[in-house]
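As structure tokens, the structure follows; a few thoughts come after it.
The values are calculated or read from the model by the stated rules, or taken from the named source; none is laboratory data. Nothing here was measured: the structure is a model prediction, and the numbers come from that model. Counting neighbours? That spans all protein chains shown, and the Cβs are built from the backbone with ideal geometry, glycine included. The accessibility values were calculated without ligands, DNA or RNA, using every heavy atom of the protein model including side chains. Shrake-Rupley method; radii C 1.70, N 1.55, O 1.52, S 1.80 Å.
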Amino acid sequence: MPPKKTAPISQGIVTSHRTRSAPAEQPVVASPPKKPKQYASSTDDSDIEVDICDESQAAASSLLQEEQQQPDDDFDEQTSGPAPCPAGPAELTESLHSFAAVTAYLRSRLLDTFSTAAASMEMRSKLQEAYSNLLNLLSNTAETPGANHSFLLLGARGTGKSLVMQRVLTELEAKYNVHEGKPTVGIVRLTGLAHTEDVVAFREIARQLCKAFNCKYSKASSLAENLTFLREMLRELGRGHKVVVFVLDEFDLFAKKAKQTTLYNLLDAMQTADMQAAVVGLSCRHDVMELLEKRVRSRFSHRKQLIPEMEEKDLDSAADSPRGVLAAMLTVPDSTGDSMPHGPVQQWNAAIAQILSADVVMQQLKLMMTQGHGRPRDLADVAMEVMLAMECQPGVPQQQAVLEGIASVTQLQHQQATMVGSCSVLELFILVSTYRIKRRGHDSANFEMVHDEYCKLLEQGGSGDRRSKAAALRAFERLIALSLVSYVDNRAEEKGGLREFHAARVNLVLQEIEAGLKMQKSCPSLLKNALSNEAVRNTFAHG
Amino acid sequence: MRTGARNAGKRSDSKPLTDVFPATKGTPAPTERKRAATSKSPASADAMPASEAAPVSKKAHKTQRKRAKKASEKHLRQFLSSVTVDGDTFSVGDNAYIRMTDDFDEDEFTEEEVCQICGHTEPEEVPRIECDKCLLGYHITCLRPPLTHVPEGSWLCPSCVSGKPRRGRKAGAGTAREHMLAGGEKLALVHIQALWREPDGSQCFAGRWYEVPQNTHTGRQKHHAAREVFLTQLVDNNDVESLWRVAQVCLPDAFKQATGDDAFVCEYEYDTGFERFRRRTSDVNEDDSDWAGSDGEAASDEEADGTYKPQHAFWAEKGTWKAKGTKGPARGRGAAVTPALNRHRARQQGGNDWIEAQRDGLSGLGAAEIPASSRQGEGASPLARAQAVLALTANPRTMPCRDSERAAITSFVEDSLTAGSSSGRCLYVSGVPGTGKTATVMETIRSLRRKSEARQLPAFQFVDINSLRLPSPQHAYTQLYEAMTGNHVGPSTAAASLEEMFSSGSGGGRGGTSKRVTVLLVDEMDLLVTKKQTVLYNLFEWPMRKGSRLAVIGVANTMDLPERLLPRIASRLGSRRVVFQPYTRQQLETIAKTRLEGLDVFESRAIEYAARKVAAVSGDVRRCLELLRRAAEITEAKTKQAAASDAAVASSSGQLPPTGMVKMSHVDDAINEMFQATHMQMMRNCCRLEKMLLAAVLMESRARGHTDVVMENVHVRLEGLCQGHSEPSVPIGAAVAAAARLGSKRLILADPGAKRLYMRMSLNVPVDDLSHILKHEETIEWLKDLSF
């Protein structure tokens, strides 16, 4: 599956490039879908192949048959569909173009989540709830002098915190910044990944404030000046009934410091009469409140909202399930109106609805979810895969594309086996040797031990294909670089000394090595024996 | 008593508007309008194109410059603090009507507003109230039904309530107020900023104009108050003869207490050039009083030589209102203004516009219009008003429950003001956050300042340093020095200068001109601790010096901070202390009830519940107030919801929706939202695999007796669980990914996922909570059977 994983992506890129450069040169006739890439090549054995793979394979193969007979039906469907879609090469090209337009629209929506097009994507109900809460709160701040708020938006990574935040800010700006160039609401965004340093944070605040309210920003201002500026500017803005919303992404990183100057100053401004502002923090840590210093915590309002992940029990619901989210991502909303060709859009939406209600897809989605891949961000990845596949072959979306997209996300957990499969035979020998030492009860081994084991293994297997020690060392180092084998001490390499003598250990479980060996076509059978068969060593020891 | 008999001839030579300052760039038209108003109606003057007006302006400017030159030649322009015209005394800082026409007939003005019902002013002893919309007066006894007392808040007369406002009297007659509010054809309002005598003996004043709502770019709007005026940035110099009589203009709070017909409310400044409104703050008034000359010794020093020069007059003399490079007299009370003037301009954040905005209010930063929502005030629902008074930004009228602490601080400051050079002028205030330390100190200082204004106490200067607003501890010197002298210098220079200043015995001001005591508040003092603790040592050493005239109040959280400092600091600091204990349940209740006075929206049990909860946790008043505010919000939302759902019922039965009272249940909701930890919710929300992994981690750590477990072992256990309960097996990659996700939520503490098999993990939630969640898991039934 690993080679397959990358295949659709690269293909997609190439094709899209071609499409963009010379759309007119597209083949006039819709090429029948290429033979779907085989799903799981080595399904015959393997403990590592979980049910997902079996199932997906089953799905894929059933699909494969379907599709092999289908290309022509497909073609017919397009032409004789509900929308008037007259036959004939020229018209067909046109319809393909319109599908390409749909794909491009959906793709841009996925890629640029801040765009207005993306705002047409419907949010699931939990996000809606958080959205309206936050919007109410910030509108209150904007409308009522003195109603300053601090708020914390919590939720696991990829659940949609930033999405909610963005939508709220867009709405706020649309609602209050009605006069061009005379904003009422200014937004200052900071992220804990970049702005934890006081100097940087306050300079950034000053810069964004100046930008939002058309003042001249001076880069050379010192921290002291910027600190004063923040308070004076907020006071000045408050007098003109102007509101500043501070958004602190990765809130916990601001709280990690011993001296939380940034948080203190922002939250203290919330307590000051004649300043009108709000602070919204985003974090995925549940214990972020405990990180706050006492005086900062006292100034924080303790309002918070957790954005929950999608739950298994909601799996069948229309909106709150992965299916619903995926549907929202892949469906062209009615609001696009005339900007999109009507017929193809309807065809597209119908096809998506049909695909997503299919049992195979539902099962795959459920599996994704139980394994924790049911987050919107993962679903966006799936949707993106579908888009790429559609760019290869413009037309009505196929079920297989969705399944492939799902597989590409869930298969990330098998990447280690893939890496093993891509190793050379010598590297595999070294890897197996290291593993054998581990199996014998040693926690770790250095290269010398591994090399000894390697020699023994070859001798015992009667193979004369022994490589030099230097080559073996290079292979060992490559395994380290791939972190299939890792040094016990993280900083071993920095510390210097001879690499041969640093303790290392295998970072894989047996199943992964087995799966990897199966993938490597030229793997000698001796190696498979050595991995699974302990007795090999015993005969050798006695003999 | 004002007499109607005034010499008309005298009035004719007292032409208003002797000259005009170009107060703002690019705003010649409004300035001109004032000038043209002597002969033309304002409406036609408004229509006058700027090009036509320009030469006049230039001419006026020339005149003014000539005059200024003459003044500097003779050195005779003499500044006054008050002037008497026809028996009326006008002082700097007063607001006054100004005559706009030459044919000004005082008799036109009705002096007294009569009762609209009986048509008399008598009986005088019966209070008359004024309608807030049409501004007509009524005896409270003439009303049907009669009122027994003047109602609080706004009141509308019967005809305004019924929607048929009574027409005013015929045009031309009416009170001064009516003429003024009609648009300033005959009368306008100015704020007197400076008064002086010209070399030729004529007396002039610099007046800052007020504008009425209908002359602003938004026009009069519904939410504008009937007596509302706006202070513009336009300043003109005129002969004092054009002043007519004193009027009262105040901020909304003070306006409620104002009486008489010549009272106006001014909440906003209005910039005619930018067409922007900007809220006035109480600071503005303090600035005003600074100009007034009634302010402490520095001012009286200057008065002694007969040339009182307020800062604006100082600028006026130079022929410009822009203080470029001007060093105003360094004055204690002006400290808040002066530093801004002396800072390095070029590097100032915000650019020149920003600096001007700070001083003059000339800016695009103001509001384009006064938002109606900010004016709900009395009209807002009780719940919304409750939220407003509970907000931490609200300034409470009184601060209850801190009497003994306040007394201690008051006596400390009073001692240091009066005792001269006695020692021990350091006070350490400690207490956990949210117990009102800084607020109490600030309030004390405010009340003492009022006392010193009333000359019951010597004047003093107050400097406030918050360590968390300093870039480094050493910047405390810079701030202190800047506040005392107005000069902005680096920390080391400031330290040296301060050292010299305090050791020479001429503390508290440059050159020994001021004999004021400086009271220094060091907030969040614990952050000034450096390795050698020099900053703290200096700050607490200086008050000990003879003649330093410095008193220091240190505020911090920990009670034993002095003990943790070097002994030489502790000995200086430790003598006087005030400890703020966390608020008790009763105190929190009192505070909440004081704030909510007059608003009957909280059940007293609800307040008690919130107070108990907060007192049990922290005794932090901020949390208590926030909790109550949130409860009020929840109630409002629920009431709205209920009203919406009942709307159909109500419309059919004609009932009013029930007014919301904040009940125990609402407070409970708020407590749940704000106090409840999120980890339960987060765990419940985990996906299947994550829950299984949590179970495996818990079992593994139980079995090993260690909190730290390794992924390798956990995975084995997880596989065992899966096999035993017919779950699909979990590849190690999925387990590692799940652990990394749990780690990012901090439900477990985990090494980075790259360590895979050797990733160490430990639970970061209480074990009982976790097992509770797992026991009650619905989707994974076999978890119930496991024993944790």
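Look at residue A:419 and say whether it is within 14 Å of another protein chain (Cβ to nearest Cβ) and in contact with a Leu (Cβ under 7 Å, 6 or more places away or on another chain). It would help to see each step written out before you state the result.
Working: within 14 Å of another protein chain (Cβ to nearest Cβ): yes; in contact with a Leu (Cβ under 7 Å, 6 or more places away or on another chain): yes.
Taking the combined requirement at face value, the residue satisfies it.
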Has the range B:208-221 got at least one residue that is at pLDDT 80 or above, under 29 Å from residue B:139 (Cβ atoms) and hydrophobic (A, V, I, L, M, F, W, C)? yes
Answer residue from the range A:263-289, given it is under 17 Å from residue A:144 (Cβ atoms) and assigned to a helix (DSSP H, G or I) and is nearest to the other protein chains (Cβ to nearest Cβ) among those: A:270
May I ask you to list the residues in the range A:184-220 that are more than 7 Å from chain B (Cβ to nearest Cβ), of a type in the set (Lys, Arg) and in a strand (DSSP E or B)? A:189
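State all residues of the range B:562-581 that are in contact (Cβ under 8 Å) with a residue 60 or more places away in the chain and over 14 Å from residue B:403 (Cα atoms); if no residue qualifies, say none. Show your work before the answer.
Taking the range B:562-581 as the starting set, the residues that turn out to be in contact (Cβ under 8 Å) with a residue 60 or more places away in the chain are B:562, B:572-581.
Once the filter is applied, which keeps residues that are in contact (Cβ under 8 Å) with a residue 60 or more places away in the chain and over 14 Å from residue B:403 (Cα atoms), the range B:562-581 yields B:562, B:572, B:573, B:574, B:575, B:576, B:577.
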Among the numbered criteria (1) in a helix (DSSP H, G or I); (2) at pLDDT 90 or above, which single criterion is violated by residue A:150? (1)
Being within 32 Å of the chain's Cα centre (by Cα) and aromatic (Phe, Trp, Tyr), is that true of even one residue in the range A:464-484? yes
Please go through the range A:237-266 and pick out each residue that is within 22 Å of residue A:304 (Cβ to Cβ), open to solvent by less than 10 Å² (accessible area, probe 1.4 Å), among the aliphatic types (A, V, I, L, M) and touching a Gly at 6+ places or on another chain (Cβ under 9 Å). A:243, A:244, A:245, A:247, A:248, A:255, A:263
Just to be sure before I move on: is residue A:353 outside any helix (DSSP H, G or I), farther than 30 Å from residue A:150 by Cβ and open to solvent by 20 Å² or more (accessible area, probe 1.4 Å) in the structure I sent? no
Mind counting the residues in the range A:495-518 that are open to solvent by 50 Å² or more (accessible area, probe 1.4 Å), modelled with pLDDT of 80 or more and in a helix (DSSP H, G or I)? 5
The lone condition residue A:253 fails out of (1) within 10 Å of chain B (Cβ to nearest Cβ); (2) touching a residue at least 40 places away in the same chain (Cβ under 8 Å); (3) under 24 Å from residue B:763 (Cβ atoms); (4) not in a loop (DSSP other than H, G, I, E, B) is (1)
I'd like to know if the range B:262-270 contains one or more residues that are closer than 20 Å to residue B:131 by Cα, out of contact with any strand residue (DSSP E or B) (no Cβ under 7 Å at 6 or more places or on another chain) and of a type in the set (D, E, K, R). no
Every listed condition ((1) more than 9 Å from chain A (Cβ to nearest Cβ); (2) of a type outside the set (Asp, Glu); (3) within 30 Å of residue B:644 (Cβ to Cβ)) holds for residue B:675 save (1)
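For residue B:771, indicate whether it is without any contact (Cβ under 8 Å) to a residue 24 or more places away in the chain and not hydrophobic (A, V, I, L, M, F, W, C). First the steps, then the outcome.
Values: without any contact (Cβ under 8 Å) to a residue 24 or more places away in the chain: no; not hydrophobic (A, V, I, L, M, F, W, C): yes.
In short, no.
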Residue within the range B:465-486 that is assigned to a strand (DSSP E or B), buried (at least 22 other Cβ atoms within 10 Å of the Cβ) and modelled with pLDDT of 85 or more present: yes
Could you identify the single residue in A:223, A:234, A:230, A:292 that is open to solvent by less than 10 Å² (accessible area, probe 1.4 Å), out of contact with any Ser or Thr (no Cβ under 6 Å at 6 or more places or on another chain), at the interface with another protein chain (Cβ under 10 Å from one of its Cβ atoms) and not basic (Lys, Arg)? A:230
Give me the pairs, please: first residue somewhere in the range B:490-510 and more than 17 Å from residue B:474 (Cα to Cα) and surrounded by fewer than 20 Cβ atoms within 10 Å (Cβ to Cβ), second residue anywhere and of a type in the set (D, E, K, R) and modelled with pLDDT under 90, beta-carbon distance under 7 Å, and either six or more positions apart or on two chains. B:503/B:545; B:505/B:546
Would you be able to tell me the number of residues in the range A:125-146 that are open to solvent by less than 40 Å² (accessible area, probe 1.4 Å) and at pLDDT 85 or above? 10
Please work out if residue B:258 is under 25 Å from the mean Cα position of the chain (by Cα), part of a helix (DSSP H, G or I) and hydrophobic (A, V, I, L, M, F, W, C). no
Here the residues within the range B:716-732 that are open to solvent by 10 Å² or more (accessible area, probe 1.4 Å) and under 20 Å from residue A:408 (Cα atoms) are B:728, B:729, B:731
Residue under evaluation residue B:522, criteria (1) out of contact with any Leu (no Cβ under 7 Å at 6 or more places or on another chain); (2) in a strand (DSSP E or B), criterion not met: (1)
Condition met for residue B:783 (surrounded by 14 or more Cβ atoms within 10 Å (Cβ to Cβ) and farther than 26 Å from residue A:414 by Cα): yes
Determine the pairs where a residue that is open to solvent by less than 10 Å² (accessible area, probe 1.4 Å), located within the range B:745-757, has a partner that is modelled with pLDDT of 90 or more and assigned to a strand (DSSP E or B) with Cβ atoms under 6 Å apart, the partner being 6 or more residues away or on another chain. B:748/B:761; B:748/B:763
Of the residues in the range A:306-319 that are more than 7 Å from every other protein chain (Cβ to nearest Cβ) and open to solvent by less than 30 Å² (accessible area, probe 1.4 Å), the one that is farthest from residue A:373 (Cα to Cα) is A:307
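Only one of A:134, A:154, A:169 is in contact (Cβ under 8 Å) with a residue 24 or more places away in the chain, within 29 Å of residue A:331 (Cα to Cα) and within 11 Å of chain B (Cβ to nearest Cβ). Can you tell me which? Lay out the reasoning, then the answer.
Numbers: A:134 fails: within 11 Å of chain B (Cβ to nearest Cβ); A:169 fails: within 11 Å of chain B (Cβ to nearest Cβ).
After applying the criteria, what remains is A:154.
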Just the residues that are under 11 Å from residue A:326 (Cα atoms) and open to solvent by 30 Å² or more (accessible area, probe 1.4 Å), please, taken from the range A:381-405. A:381, A:384
Filtering the range A:336-362 down to residues that are within 25 Å of the chain's Cα centre (by Cα) and among the β-branched types (Val, Ile, Thr), which residue is nearest to residue A:407 (Cα to Cα)? A:361
Subset of the range A:432-460, residues open to solvent by 40 Å² or more (accessible area, probe 1.4 Å) and part of a helix (DSSP H, G or I), comes to A:438, A:439, A:448, A:449, A:452, A:456, A:459, A:460
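Specify which of the listed residues (B:443, B:482) is among the charged types (D, E, K, R), more than 12 Å from chain A (Cβ to nearest Cβ) and on the phi < 0 side of the Ramachandran plot. Walk me through it before giving the result.
Working: B:482 fails: more than 12 Å from chain A (Cβ to nearest Cβ).
On inspection, the qualifying residue turns out to be B:443.
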